[in-house]
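The structure appears right after this line, and notes come after that.
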Amino acid sequence: AFMATVLDDASAAAARATLGLVIGTDVLAYSTLVAYLNIAQSFAKSQGCTPTEFTDGATITLDMSASNDFYGILAGNRTLGVPTSIVAGKSGKIAIWQDSTGSRTLAYAWVFNFAGGTAIVLTTTARARDNIYYDNEYYGTSTITVTIATPGAVTWTAHGLQTGYKLQLTTTGALPTGLTASTTYFVIRVDANTFNLATTRANAAAGTAIATSGSQSGVHTAVACEITLSAVKGAT
């Protein structure tokens, strides 16, 4: 069986010498000036990230692993699609310019909410810039089961969802009658592992729970996501 040995300082130094390892060159030295991911810290200097230019197209898909901040020029009417690599708790900015023609509009995928409840309308003057700020409030995905019942109950172990959260469903087979793939539904939380679905949401409250009927087949998957957007329009 493998047995771990704890080395004293002299033995550790000898082991490093044998392996040809130099602290600070081959091995990271402990320092209070190094940022760590698992402890609370205060930064003594300004921190930032390099903005990433998004790829303009009919649907703009942000890769949120690339940066916190994005920028780009619209050359036509666009849709801000569901981003990739979404991480809950991440926030940032999307700087959007009109091209020399202007009058470019932006629609939004189902994952987006809006501060104040109204979708952001871009400034359409040629060369105008709007700064859109995003806050990833929640993201999660899991295979689920659904009961045939009134209402139908969705089981997702330790889902972390709250009443009013949005989600969509996909399946390798057929969903029960009452549910449709790639349709936006709203959670009615029952407990830590179970919830019902509704087709409407007013403020933070979901509407009437959906009854399911008929039969079902295949593996069902749910994707839940809430990204809130706000804007500073006509930024200069």
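The values are calculated or read from the model by the stated rules, or taken from the named source; none is laboratory data. Model, not experiment: these values are computed from the prediction. Cβ atoms come from the backbone with ideal geometry, glycine included; neighbour counts cover every protein chain shown. Note: accessible area is taken over every heavy atom of the protein model, side chains too, but ligands, DNA and RNA are not part of it. Shrake-Rupley method; radii C 1.70, N 1.55, O 1.52, S 1.80 Å.
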With I210, I188 as the choices, which residue is open to solvent by less than 40 Å² (accessible area, probe 1.4 Å), within 22 Å of the chain's Cα centre (by Cα) and aliphatic (A, V, I, L, M)? I188
Please verify whether the stretch 139-159 includes one or more residues that are among the aromatic types (F, W, Y), within 16 Å of the chain's Cα centre (by Cα), crowded, with 16+ Cβ neighbours inside 10 Å and modelled with pLDDT of 95 or more. yes
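Which is closer than 16 Å to A231 by Cβ and at pLDDT 95 or above, of T123, T101? So that I can check it myself, show each step before the final result.
Numbers: T101 fails: closer than 16 Å to A231 by Cβ.
When all the criteria are applied, what remains is T123.
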Consider the stretch 148-198. How many of its residues are under 18 Å from V111 (Cβ atoms) and of a type in the set (D, E, K, R)? 1
If you go through the stretch 35-55 one residue at a time, do you hit one that is open to solvent by less than 70 Å² (accessible area, probe 1.4 Å), of a type in the set (G, A, S) and free of Cβ contacts under 8 Å to residues at least 12 places away in the same chain? yes
For the stretch 80-108 the number of residues that are within 21 Å of T125 (Cβ to Cβ), open to solvent by 40 Å² or more (accessible area, probe 1.4 Å) and among the β-branched types (V, I, T) is 2
So which of S100, S142 is on the phi < 0 side of the Ramachandran plot, among the small types (G, A, S) and not in a loop (DSSP other than H, G, I, E, B)? S142
Kindly indicate the residue of the stretch 1-18 that is surrounded by 10 or more Cβ atoms within 10 Å (Cβ to Cβ) and assigned to a helix (DSSP H, G or I) and also modelled with the lowest pLDDT among those meeting that condition. A12
